[in-house]
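Comments concern the structure below.
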Amino acid sequence: EAGVAQSPRYKIIEKRQSVAFWCNPISGHATLYWYQQILGQGPKLLIQFQNNGVVDDSQLPKDRFSAERLKGVDSTLKIQPAKLEDSAVYLCASSSQPLLGIGTQYFGPGTRLLVL
Amino acid sequence: DQQVKQNSPSLSVQEGRISILNCDYTNSMFDYFLWYKKYPAEGPTFLISISSIKDKNEDGRFTVFLNKSAKHLSLHIVPSQPGDSAVYFCAASEVISQFYFGTGTSLTVIP
């Protein structure tokens, strides 16, 4: 079974530029998560999708971050414009469990973003 | 506001000995807990979970203990192997809510 795919793996941009990350979850997984992991910290949830609907985006900085999950499969996370403090690893995860707060999340390898 | 804390950033253990990784949480409503292992340049990998109706869950060399009154859980690895060297994250949630992750503990198993 193929795992969660993410691209690109690395991205270096200058502040105020835009960047987009892509995630393809495990086939059949209805729930998709985007996490931000800053160096030395644990992953922090940005947004959670159930199929193509947003379940929780309370911690997404909506003035600069946006995410979508068209057709309930792939997802993109965009930052526009980027700030220095956005430098982090962006992790995508998926789960077959439809309920929040339980079940195993399978993580992709992450996209490491460096904002200069 | 860190709801899940791993107060030991690093731990070194001799091969064959027991590794004990600790995790504390502040939200008494948390009722589901997981441990993830993370190698460099990879995403976290699920290791073991426990729900609040249990105080112990075992899977091979890995055992998770939950002390609800102390709001504390621990992961025991016995015997430790060099391949266990990784960063370990604990995560906690209440049903119908998101998972909160700790800051991680870097385990080094010395051959």
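All of the numbers you see were taken from the coordinates with simple rules; none came from a lab. Just so you know, these numbers come straight off a predicted model, no measurement behind them. Note that we place each Cβ from the backbone using ideal geometry, even for glycine, and neighbour counts take in every protein chain shown.
Dipole of region A:5-106 computed with +1 at Lys/Arg Cβ and -1 at Asp/Glu Cβ about the Cα centre; of A:GLN37, A:VAL19, A:GLN105, farthest Cα towards the positive end is A:VAL19. For the protein assembly as shown, the Cβ-based charge dipole about the Cα centre amounts to some 380 debye (Lys, Arg positive; Asp, Glu negative; other atoms uncharged).
Projecting label points 7 angstrom from Cα along Cα→Cβ for A:ARG9 and B:LEU11 puts them 3.0 nm apart.
Within a straight-line Cα-Cα reach of under 28 Å, B:LYS38 can be paired with the following lysines, leaving aside sequence neighbours fewer than 8 residues apart in one chain: A:LYS11, A:LYS44, A:LYS78, A:LYS83, B:LYS5, B:LYS54, B:LYS56, B:LYS68, B:LYS71.
Taking Lys and Arg as +1 and Asp and Glu as -1, the other residues whose beta-carbon sits under 13 Å from that of B:PHE46 total 0. Rounded to the nearest whole Hz, the Karplus-based 3J(HN,Hα) values (6.51 cos²θ - 1.76 cosθ + 1.60, θ = phi - 60°) of region B:31-45 follow the sequence 9, 9, 9, 9, 10, 10, 10, 9, 8, x, 6, 10, x, x, 10, with x at glycine and proline.
With the convex hull drawn around the C-alpha atoms of chain B, the volume per residue stands at 99 Å³. For B:ARG17, nonlocal amide neighbours, meaning residues 5 or more places apart or on other chains whose placed amide H falls under 5 Å from its own, are B:SER80. Please give the FRET efficiency for A:SER96 paired with B:SER51, using the beta carbon to beta carbon distance and R0 = 22 Å, rounded to the nearest 0.05. With a Förster radius of 22 Å, E is 0.80.
Altogether, the Stokes-Einstein calculation at 4 °C and 1.567 mPa s, with the Kirkwood radius of region A:46-116 over Cα pairs as Rh, returns a diffusion coefficient of 98 µm²/s. How are the C-alpha pair distances of region A:5-106 spread across 5 Å bins, as whole percents from the shortest bin up? All Cα pairs considered, the percentages come to 3, 13, 25, 26, 19, 10, 4, 1. Shielding value for B:100-107 is 3, the average number of Cβ atoms from other chains within 10 Å of each residue's Cβ.
Summing Lys and Arg as +1 and Asp and Glu as -1 over all other residues whose Cβ lies under 11 Å from the Cβ of B:SER97 gives a net charge of -3.
The spacing between region A:50-113 and region B:22-49, judged by their C-alpha centroids, is 18 Å. Taking the average, over residues, of other Cβ atoms within 10 Å as the packing measure, peptides A:78-85, B:41-48, A:104-111 rank A:104-111, B:41-48, A:78-85 from highest down. Computed from the C-beta positions of A:ARG64 and B:TYR39, the FRET efficiency with R₀ = 25 Å rounds to 0.25. Amide H to amide H distances under 5 Å link A:ALA5 with A:ASN24, where only residues 5 or more positions off or on other chains count and H is placed in the peptide plane.
Rounded to the nearest 20 debye, the dipole size of region A:5-106 about its Cα centre is 220 debye, using +1 on the Cβ of Lys and Arg and -1 on the Cβ of Asp and Glu. Each label was represented as a point 7 Å from its Cα along the Cα-to-Cβ direction; for A:ASN52 and B:THR26 these points are 4.0 nm apart. Here the gap between A:TRP22 and A:LEU114, fully extended at 0.36 nm per residue and compared with their Cα-Cα distance, gives a gain of 31.5 nm. In this calculation the C-beta distance from A:GLN80 to B:HIS72 is compared with R0 = 35 Å, giving a FRET efficiency of 0.25.
Considering the protein assembly as shown at the alpha-carbon level, its Rg and Dmax are found to be 17.5, 51 Å.
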